[in-house]
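Reviewing the structure listed below.
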Amino acid sequence: MTETITSELVVAYSHCPRKAYLVCKGEAGDPHALVEIIERRARANRERYVQSLGQPSDLVSTNVTLRSGNTEASCDVLMRRGENSFEPTLVTGTRKVTEDMKISLAYVAHVIDQLYHRKPSVGTIVLEQNKIQKVKLEASYDTINKIIPALQPWVSGTSDEAPVVMLNKHCPSCQFRHKCKAAAEQADSLTLLDRMTPKLMRRFQRKGIFSITQLSYLFRPRRKKGKAKASNVFKLELQALAIRSREIYLQAVPSIPRTDLELFLDVESLPDEDQHYLIGLTIREGS
């Protein structure tokens, strides 16, 4: 169990409160291959960038750990920008700036403010291929100010209550993905449904619905009136019914228009690098 609010813990909470809780408690996870690749790239990029810096007069330190009370932040490069004024730098292994990078940088700035009573307004993120991007930190400070109080009860030991499982878009690359998925399945949790949000879960729970099985009994197909078209609106209740009954349901039979001349286009890409490396086109004419 960690008793310090670290950069890793803050970024974990920005992904998911339950992830932060498990990290805080020292739970073992299963690192995703993609995350490990990005971390290896970041280490290599960090070495190249630090070597390219040399020894400028405004360089304070590299690979520095800042501590104030029970807060601790890691910073790849720290530059001086005046008396008690500093600019933190984060070196990454990607080609795009992500939200968690901004949060990590803002947390470093928060600890700097605790130490020197002067909050940095700008930070630097070094991407792959030595691409340098300045980031305004003000927009992320509100998020930091919400995350730190939420983490305090766990690191101080005043609370040991684990957040409920709430699956989200970060889950596929999370080291706890298997553990949380198993917990959600065992609890028959509503979070297993597509497009389920915390707000929707609270709405169902206020009605006494806490599981997929319970929700599935709420689905009632509308009676057809004349030749009225069936509604194609996504229904959580119908998905819950499909999971409970292990059957496939169609709200309406899809209509696929066909012509004598058809084009099928497929594009393979690396979104992180804005690179489209393979484009395939098949033309079908007649048979």
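The values are calculated or read from the model by the stated rules, or taken from the named source; none is laboratory data. Bear in mind the structure is a predicted one, so any value in this text is a computation, not a measurement. Virtual Cβ from ideal backbone geometry, glycine too; neighbours counted across all protein chains shown. Only protein heavy atoms, including side chains, enter the accessible area calculation; ligands, DNA and RNA are left aside. Shrake-Rupley method; radii C 1.70, N 1.55, O 1.52, S 1.80 Å.
Positive end of the dipole of the stretch 112-265, charges at C-beta (+1 Lys, Arg; -1 Asp, Glu), about the Cα centre: which of Ser255, Met196, Ser140 has its Cα farthest in that direction?
Highest projection toward the positive end goes to Ser255.
Where the convex hull is taken over the Cα atoms of the stretch 165-263, what is its projected area averaged over directions, in nm²? Walk me through the numbers before you get to the answer.
Numbers: hull surface 39.9 nm².
Computed as one quarter of the Cα hull surface, the answer is 10.0 nm².
Compute the Cα gyration tensor for the stretch 137-190, then decide on rounded, prolate or oblate, letting a ≥ b ≥ c be the square roots of its eigenvalues: rounded whenever a/c is under 1.5, prolate when a/b is larger than b/c in the other cases, and oblate in all that remain.
On the way: a/c = 2.71, a/b = 1.50, b/c = 1.81.
Judged from the Cα gyration tensor, the stretch 137-190 comes out oblate (a/c at least 1.5, b/c at or above a/b).
To the nearest 20 debye, what charge dipole does the stretch 232-287 have about its Cα centre, counting +1 at the Cβ of each Lys and Arg and -1 at the Cβ of each Asp and Glu? Please list the in-between numbers first.
On the way: 5 positive and 10 negative charges, 115 e Å.
Dipole about the Cα centre, nearest 20: 560 debye.
Would you please report the Å³ per residue occupied by the convex hull of the alpha carbon atoms in the stretch 40-124?
Values: hull volume 7.7 nm³, N = 85.
Residue-normalised Cα hull volume stands at 91 Å³.
So which DSSP H runs in the chain come out at 27 Å plus along the axis (Cα) with average Kyte-Doolittle of at least -1.0?
Working: long enough: 33-53 (30 Å, -0.56); 138-156 (28 Å, -0.03).
Result, helices passing both filters: 33-53, 138-156.
Taking +1 at the Cβ of each Lys and Arg and -1 at the Cβ of each Asp and Glu, which of Thr6, Thr89, Ala44 sits farthest along the dipole of the chain towards its positive end, judged by Cα position relative to the Cα centre?
Farthest along the dipole direction, towards plus: Thr6.
Once you charge only the Cβ atoms, +1 for Lys and Arg and -1 for Asp and Glu, what is the size of the charge dipole of the chain about its Cα centre, to the nearest 20 debye? Present the calculation step by step, with values, prior to reporting the outcome.
Numbers: 42 positive and 33 negative charges, 356 e Å.
I would put it at about 1720 debye.
Please report Rg (one decimal) and Dmax (integer) in Å for the Cα set of the chain.
Rg then Dmax for the chain, in Å: 24.7, 81.
Can you pull the percent of the chain's accessible area that's carbon plus sulfur, 1.4 Å probe, other chains left in place?
Details: 9360 of 18420 Å².
The nonpolar share, carbon plus sulfur, comes to 51 percent.
Using only helices, what value at 222 nm comes out for the chain when you add -39,500 (n - 2.57) per DSSP H run of length 4 or more and divide by the total residues, to the nearest 500 deg cm²/dmol?
Working: 9 runs with 109 residues, N = 287.
So the calculated ellipticity at 222 nm is -12000 deg cm²/dmol.
Which of the three applies to the stretch 228-283, rounded, prolate or oblate, going by the alpha-carbon gyration tensor with a ≥ b ≥ c and a/c under 1.5 meaning rounded? The partial results should precede the final answer.
Numbers: a/c = 3.23, a/b = 1.59, b/c = 2.03.
Oblate, since a/c reaches 1.5 and b/c is not below a/b.
Quick one: length gained pulling Arg95 to Ala183 fully straight, 0.36 nm per residue minus the C-alpha distance? Before the final figure, lay out the partial values.
Details: separation 88, 0.36 × 88 = 31.68 nm, distance 3.44 nm.
Once the chain is fully extended between Arg95 and Ala183, it gains 28.2 nm.
For a test of understanding, tell me how many lysine pairs in the stretch 1-141 have Cα atoms under 27 Å apart, given they are 8 or more places apart or on different chains.
The number of close lysine pairs in the stretch 1-141 is 15.
For Arg206 paired with Tyr116, estimate the spin-label separation in nm (one decimal), with each label point 7 Å from Cα along the Cα-to-Cβ line.
Result for the modelled spin labels: 4.7 nm.
Return one whole number: the accessible area per residue of the stretch 75-169 in Å², for a 1.4 Å probe.
Values: 4720 Å² over 95 residues.
I get 50 Å² per residue for the stretch 75-169.
Asp274 versus Ala139, label points 7 Å from Cα toward the beta carbon: distance in nm?
1.7
Going highest first, how would you order 41-47, 28-34, 236-242 by mean Cβ packing within 10 Å?
Sorting 41-47, 28-34, 236-242 by mean packing, highest first, produces 236-242, 41-47, 28-34.
Nearest-5 percent of antiparallel DSSP beta bridges in the chain? Write down the numbers at each step before the final one.
Numbers: 27 of 31 bridges.
The answer is about 85 percent antiparallel.
Using 0.36 nm per residue of separation minus the Cα-Cα distance, give me the extension gain between Thr65 and Gln251 in nm, one decimal.
Working: separation 186, 0.36 × 186 = 66.96 nm, distance 5.62 nm.
Full extension of this stretch gives 61.3 nm more.
What are the principal axis extents of the Cα atoms in the stretch 116-221, in Å, biggest first?
57, 40, 25
In whole Å, how far is the Cα centre of the stretch 92-161 from that of the stretch 165-190?
26
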